[in-house]
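For reference, the structure discussed in these notes is given below.
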Amino acid sequence: MSGVDVLPTLCDVLDADLPGRTIDGQSMLPMLVGDQFQRTKPILTFFYRTSPAASMRMGDYVLIGHSDDEGRKKTHAIAAADMPRIKSTNLVSFELYNVAKDLGQTKNIADDEPETLARLRDIMVNLHRNAIEEGPSWDLPPAPANKKRK
């Protein structure tokens, strides 16, 4: 279960309609009442200040995505200059792991399973692009000046 599953689960419990926009999660009600649950929507995580920048779990596979801005300096606090970068970030290289066989994600199998890589890469890139397009552009303050601490 993930935080993105809370809204769909509550709507399901209350028999309420989901909002008319993209919802990343899915209802966990079957699991809560003791039924079998199978995730059908992958969960994408993206954080612009990390390298790699994205991950996605789908079935037994975990896909790791590296962005085209991983070489730039990452600040701790999000600032106005970060927003355009976040909105224009692309995922450009990938690692693929089968966690059913390699729980520690020690062997990148991207070259061994090119069809799986291509399928999951397309899903990840689309989810990432949709999140960027649908997400707001925040009106943020400039980055704080670097001050030496005493």
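The values are calculated or read from the model by the stated rules, or taken from the named source; none is laboratory data. If you're wondering where the values come from, they're calculated on a predicted model, not measured in any experiment. With ideal geometry, Cβ positions are generated from the backbone for all residues, glycine too; neighbour counts draw on all protein chains shown.
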Looking at the stretch 75-94, is at least one residue touching a Leu at 6+ places or on another chain (Cβ under 7 Å) and at pLDDT 90 or above?
-> yes
Determine whether the stretch 41-57 contains at least one residue that is small (Gly, Ala, Ser), in the same structural domain as Glu134 (by TED's automatic domain parsing) and modelled with pLDDT under 85.
-> yes
Does the stretch 119-134 contain at least one residue that is of a type outside the set (D, E, K, R) and either over 13 Å from the mean Cα position of the chain (by Cα) or assigned by TED's automatic domain parsing to the domain that holds Asp5 (or both)?
-> no
Select from the stretch 18-66 the residues that are among the aromatic types (Phe, Trp, Tyr) and free of Cβ contacts under 8 Å to residues at least 12 places away in the same chain and write down the one among them that is surrounded by the fewest Cβ atoms within 10 Å (Cβ to Cβ).
-> Phe47
Determine, yes or no, whether Asp122 is loosely packed, with under 13 Cβ neighbours inside 10 Å and either of a type in the set (D, E, K, R) or in a strand (DSSP E or B) (or both).
-> yes
